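To start, the structure itself, in structure tokens.
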Amino acid sequence: MKRIAGLLSSMVLLMSLGACGTSEKVGENPFFVQWDTPYGVPPFDRIEPAHFLPAFERAMSLNNAQIDAIVSNNDESTFENVILAFDEAGRELEQVSSVFGMLCAAETNPEMQCLEEQIMPRLSAHDDRILMNERLFARIREVYDRRGEFRLSAEQMRLLEKTYERFVRSGAELDAKDKERLQQINSELSLLSVRFGNNILAENNAFRLELGEDDLEGLPSTVREQAQHTARELKLGNNKWVFTLHRPSLFAFLSNSSRRDLREQIYKAYLNRCSNGNEYDNGKLVNDFVRLRCEKAHLLGYTSYAAYVTAGEMASTPAAAYELLDEIWTPALESARKELAEMEPLFRKDHPEEKFESWDWWYYAEKVRKQKYALDEDMVRPYLTLGNVQEGIFFLANRLYGITFRPIGVPVYHTDVTAYEVLDADESHLGVLYFDFFVRPGKSQGAWCGNYVEQSYADGKRVAPVVSIVTNFTRPAPGTLVQLDIDQTQTLFHEFGHALHFLFHDVKYRGLSEVEGDFVELPSQVMENWAFEPEMLRHYAIHFRTNEPMPQFLIDKLRNSRLFNRGFMTTELIAASLTDLDIHSITDYSDFDPADFEHNALRERRELIPQIEPRYRYPYFAHIFAGGYSSGYYFYTWAEVLDKDAFEAFRESGDLFDRRVADRFRRRILERGGSEDGMSLYRAFRGRNPDRKPMLKAAGLWTEPGEEESVAADSVRVNAPVGGDARTEAPAAGDSRRVADPIGL
């Protein structure tokens, strides 16, 4: 029987390779040998798509053998021969999965997409077979039930508890019939996620706003140059300008173009992605996601999928997440209404008989910024070249942690990619950091950070991580520099914070590497706080022509405008967070129209004004349908409470670059991974629960007594901490947090 099974497996493999159009003749599979590359980076110059299926097959086979060795061991179950053995199992599979997953996001093609549709359901089935293995779970439960008899360290006890809870939350206690159904659901969900993301990529790539010289009114020269370069790359000649649905291109156009008709055209194209009734329409997929997730939650004993997910996070319940979001919603929306009132006279002057629409917001907000704060982003961009901002984040990391970055020549997966060795303060090797900055057809939209190689321990030695930051900045015209705007600068600081979290990891057990989802954005968002501090700007914001640092008057303008448009930004963020929780709080599924559901949730129940759209609509909400943030888009807001309170520790020290505070943040949060629950880690750093006041103040929703009254001063409870003493559980099985911001901000 084993021989027949092996033969069938080989036949399936060959059929899969043929279906994806893979060449039969490929070089030696680099996943079958130990990498001899510098610093242990993936040998991208030798990896071909045809290598992945054989690599997955081999890695899954090895993993099965490792699991068989655990369950067939006749010795008494112990922490070492069960829990530690399980933690060590699957290294090879993790490595193949990390490389494959990161490449599918950053550098995909039809062949990789075909492979992804075949591999992900098989990988889901493999994981389920392990997590629902009765004999394996029996041994894990035996150790868990006798845990008081073993002399376990706190870290070992944490690993034992997380392992046990992971199995329970993955269906290990279900009967055979329910296990079979749960496996079917997980397989279907894995395939839906792939198709959802591929549809968004196709829709993004399909649209382009092609303009002539008469259509450029209001666009600054730098924006025109980038659009003209995009047209040249598309071989449209020198007299065309092209804008796309990638956010840097889209919002540069919306913020500056005087052509209201064209703003409407491109923004509607953005809003209607994957809901156009074509082959890339995600409406049915949204229904399938909700139906399957609802059924999965019921099988596992939860009333809704949101209840299932939040049970494993700091929030513990959907109610806790809703409480935070609802607390912010009303004052943020009121602030947005006031911002709209400021823009209305400017709009009415241009369009006396028209109604202010959502595609007008960015354009007139920019006019208000120029009028109210005398700040034009074109004044700022020359100081925020990509090279300057990158140097700024390196400078910040050195000031805080003493680490340095050295350019290195290693294999890369695209010519755009650059690499750095990261050296600790004692010049020991900390890890490798890739940067991949520019828009490409094969790259998903947004920005993210993830691992090609996870930090771990092998034979008692630390395995250094290989980390990658991916963005979608517009490629500059030849001979010009990339000039970032304020939002893009913050994005790079944000993703760099994720990178530091991964690079600093020093976790002994692989099962303790990951933190709760509503904790994962703390290390990234805290870095944003430094981006526009005067001392930082004076160091890295250097004019690319004059070589002069940003003048004080411009720094003051930036500081004075820090609350500009915050009502709008907070409202669109919270709107998306609420729609995510709403759709996953469904307890009894029935077929629905995603657009109607969103309208009822936001426009009818919560009175969202028509001039604001949620940050993401369901058909292209990749975070929750193609990433790891389902029922978790609130993570960003939850973590903002933590990051603003954490930054206060630096303010309270009197030195924003205080090495003692930074060292405490590194040792008690960044290095620890999931070795303790998030609230315990935070308390170890801060000495107390987080306070909401700094977050509310930063959002313009609360002021100190005696300061100018805020719109929200009487509307929010500022003393309630986040999280309380809630005991957290392991994240949902298969809900990987190794890629932070999986599909962008």
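Considering only segment 299-311, state which residues are hydrophobic (A, V, I, L, M, F, W, C) and in a loop (DSSP other than H, G, I, E, B).
LEU300, ALA311 - these are the residues of segment 299-311 that are hydrophobic (A, V, I, L, M, F, W, C) and in a loop (DSSP other than H, G, I, E, B).
Find all pairs meeting these conditions: Cβ atoms under 8 angstrom apart; at least six residues apart or on different chains; first residue within segment 206-225 and under 13 Å from ARG381 (Cβ atoms); second residue open to solvent by 40 Å² or more (accessible area, probe 1.4 Å).
PRO220/ASP378; THR222/ASP378; GLU225/THR480
So for segment 437-450 (the condition being polar (S, T, N, Q) and open to solvent by less than 30 Å² (accessible area, probe 1.4 Å)), does at least one residue qualify?
yes
Within segment 100-112, is even one residue within 25 Å of CYS20 (Cβ to Cβ) and among the aromatic types (Phe, Trp, Tyr)?
Yes, segment 100-112 has at least one match.
Select from segment 628-674 the residues that are within 30 Å of VAL290 (Cβ to Cβ) and either open to solvent by 10 Å² or more (accessible area, probe 1.4 Å) or at pLDDT below 95 (or both) and list them in ascending order.
If the condition is that a residue be within 30 Å of VAL290 (Cβ to Cβ) and either open to solvent by 10 Å² or more (accessible area, probe 1.4 Å) or at pLDDT below 95 (or both), then GLY628, TYR636, GLU640 are the ones that fit.
Listed here are the residues, each with its yes/no results for (1) assigned to a helix (DSSP H, G or I); (2) modelled with pLDDT of 95 or more; (3) more than 30 Å from PHE435 (Cβ to Cβ).
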| site | (1), (2), (3) |
| --- | --- |
| LEU7 | yes, no, yes |
| MET15 | yes, no, yes |
| GLU24 | no, no, yes |
| ASP36 | no, yes, no |
| VAL82 | yes, yes, yes |
| VAL99 | yes, yes, no |
| THR108 | no, yes, no |
| GLU111 | yes, yes, no |
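So in segment 193-233, with the set limited to residues that are in a loop (DSSP other than H, G, I, E, B) and of a type in the set (D, E, K, R), which one is farthest from ASN472 (Cα to Cα)?
Checked segment 193-233; the qualifying residue farthest from ASN472 (Cα to Cα) is GLU217.
Any residue in segment 149-172 that is within 14 Å of GLY301 (Cα to Cα) sitting within a Cβ distance under 9 Å of a residue that is buried (at least 21 other Cβ atoms within 10 Å of the Cβ) and among the polar types (S, T, N, Q)? List the pairs, counting only those 6 or more apart or interchain.
SER170/ASN186; GLY171/ASN186
Would you check which residues across segment 439-484 are more than 30 Å from MET379 (Cα to Cα), in a strand (DSSP E or B) and polar (S, T, N, Q) and list them?
If the condition is that a residue be more than 30 Å from MET379 (Cα to Cα), in a strand (DSSP E or B) and polar (S, T, N, Q), then ASN451, SER456, SER468 are the ones that fit.
Mind checking whether some residue in segment 559-580 is under 27 Å from MET527 (Cβ atoms), assigned to a loop (DSSP other than H, G, I, E, B) and of a type in the set (Ser, Thr, Tyr)?
yes
Is segment 376-391 home to any residue that is small (Gly, Ala, Ser), crowded, with 18+ Cβ neighbours inside 10 Å and farther than 18 Å from SER561 by Cα?
Among the residues of segment 376-391, not one is small (Gly, Ala, Ser), crowded, with 18+ Cβ neighbours inside 10 Å and farther than 18 Å from SER561 by Cα, which makes the answer no.
Please give the number of the condition GLU92 fails out of (1) closer than 28 Å to ALA138 by Cβ; (2) assigned to a loop (DSSP other than H, G, I, E, B).
Every listed condition holds for GLU92 apart from (2).
Determine, yes or no, whether SER275 is outside any helix (DSSP H, G or I), open to solvent by 10 Å² or more (accessible area, probe 1.4 Å) and of a type in the set (Ser, Thr, Tyr).
yes
Can you find a residue that is assigned to a helix (DSSP H, G or I), modelled with pLDDT of 95 or more and under 30 Å from ASP261 (Cα atoms) anywhere in segment 312-333?
Yes - at least one qualifying residue is present in segment 312-333.
In segment 485-519, what count of residues is obtained for those that are of a type in the set (Val, Ile, Thr), surrounded by fewer than 23 Cβ atoms within 10 Å (Cβ to Cβ) and closer than 30 Å to GLU377 by Cβ?
1
Being open to solvent by 10 Å² or more (accessible area, probe 1.4 Å) and either at pLDDT below 95 or outside any helix (DSSP H, G or I) (or both), is that true of even one residue in segment 593-602?
For segment 593-602, residues open to solvent by 10 Å² or more (accessible area, probe 1.4 Å) and either at pLDDT below 95 or outside any helix (DSSP H, G or I) (or both): present.
State yes or no: is GLU142 open to solvent by 30 Å² or more (accessible area, probe 1.4 Å), modelled with pLDDT of 95 or more, in a helix (DSSP H, G or I) and in contact with a Gly (Cβ under 7 Å, 6 or more places away or on another chain)?
Answer is no for this residue.
Pull out all pairs, ordered by first then second residue, where Cβ-Cβ is under 9 Å, the residues are six or more apart or on different chains, the first lies in segment 326-339 and is within 17 Å of PRO614 (Cβ to Cβ), and the second is acidic (Asp, Glu) and surrounded by fewer than 24 Cβ atoms within 10 Å (Cβ to Cβ).
Going by the 9 Å Cβ cut-off, the qualifying pairs are LEU333/GLU607; ALA336/GLU572.
Among the listed residues GLU327, GLU295, identify the single one that is farther than 28 Å from ASP485 by Cβ and surrounded by 21 or more Cβ atoms within 10 Å (Cβ to Cβ).
Exactly one of GLU327, GLU295 is farther than 28 Å from ASP485 by Cβ and surrounded by 21 or more Cβ atoms within 10 Å (Cβ to Cβ), namely GLU327.
Give me a count of the residues in segment 344-361 that are part of a helix (DSSP H, G or I), out of contact with any Asp or Glu (no Cβ under 6 Å at 6 or more places or on another chain) and surrounded by fewer than 20 Cβ atoms within 10 Å (Cβ to Cβ).
Residues that pass the stated criteria total 6.
Suppose we keep only residues that are at pLDDT 95 or above and acidic (Asp, Glu) within segment 675-714. Which one would you say is most open to solvent (accessible area, probe 1.4 Å)?
The extreme case among them is GLU676.
So that you can scan it fast, the table gives a plain yes or no per residue for (1) charged (D, E, K, R); (2) crowded, with 16+ Cβ neighbours inside 10 Å; (3) within 23 Å of GLU188 (Cα to Cα):
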residue: GLY27; (1), (2), (3): no, no, no
residue: VAL33; (1), (2), (3): no, no, no
residue: PHE44; (1), (2), (3): no, yes, no
residue: PRO54; (1), (2), (3): no, yes, yes
residue: SER124; (1), (2), (3): no, yes, yes
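Could you identify the single residue in TYR401, TYR364 that is free of Cβ contacts under 8 Å to residues at least 60 places away in the same chain and open to solvent by less than 30 Å² (accessible area, probe 1.4 Å)?
None of the other options fit; the residue is TYR364.
Return yes when SER153 is within 30 Å of MET112 (Cβ to Cβ) and modelled with pLDDT of 95 or more and no when it is not.
no
Report the residue count in segment 629-656 for those that are small (Gly, Ala, Ser) and either in contact with a Lys or Arg (Cβ under 6 Å, 6 or more places away or on another chain) or part of a helix (DSSP H, G or I) (or both).
Going through segment 629-656 one residue at a time, the tally reaches 4.
Which residue is least open to solvent (accessible area, probe 1.4 Å), if the candidates are limited to segment 234-250 and must be assigned to a helix (DSSP H, G or I) and within 19 Å of GLY212 (Cα to Cα)?
Here the residue is LEU250.
Collect the residues in segment 617-627 that are outside any helix (DSSP H, G or I) and buried (at least 24 other Cβ atoms within 10 Å of the Cβ), keeping them in residue-number order.
PHE621, ALA626, GLY627
Within the group VAL507, VAL526, VAL515, which residue is in contact (Cβ under 8 Å) with a residue 24 or more places away in the chain and either under 30 Å from PRO441 (Cα atoms) or assigned to a helix (DSSP H, G or I) (or both)?
Answer to the selection: VAL526.
ALA365 passes all but one of (1) in a loop (DSSP other than H, G, I, E, B); (2) out of contact with any Ser or Thr (no Cβ under 6 Å at 6 or more places or on another chain); which number fails?
(1)
The values are calculated or read from the model by the stated rules, or taken from the named source; none is laboratory data. Keep in mind that what you see is a predicted model, and the values were worked out from it rather than measured. Glycine also receives a Cβ, built like all others from the backbone with ideal geometry; neighbour counts cover every protein chain displayed. Note: accessible area is taken over every heavy atom of the protein model, side chains too, but ligands, DNA and RNA are not part of it. Shrake-Rupley method; radii C 1.70, N 1.55, O 1.52, S 1.80 Å.
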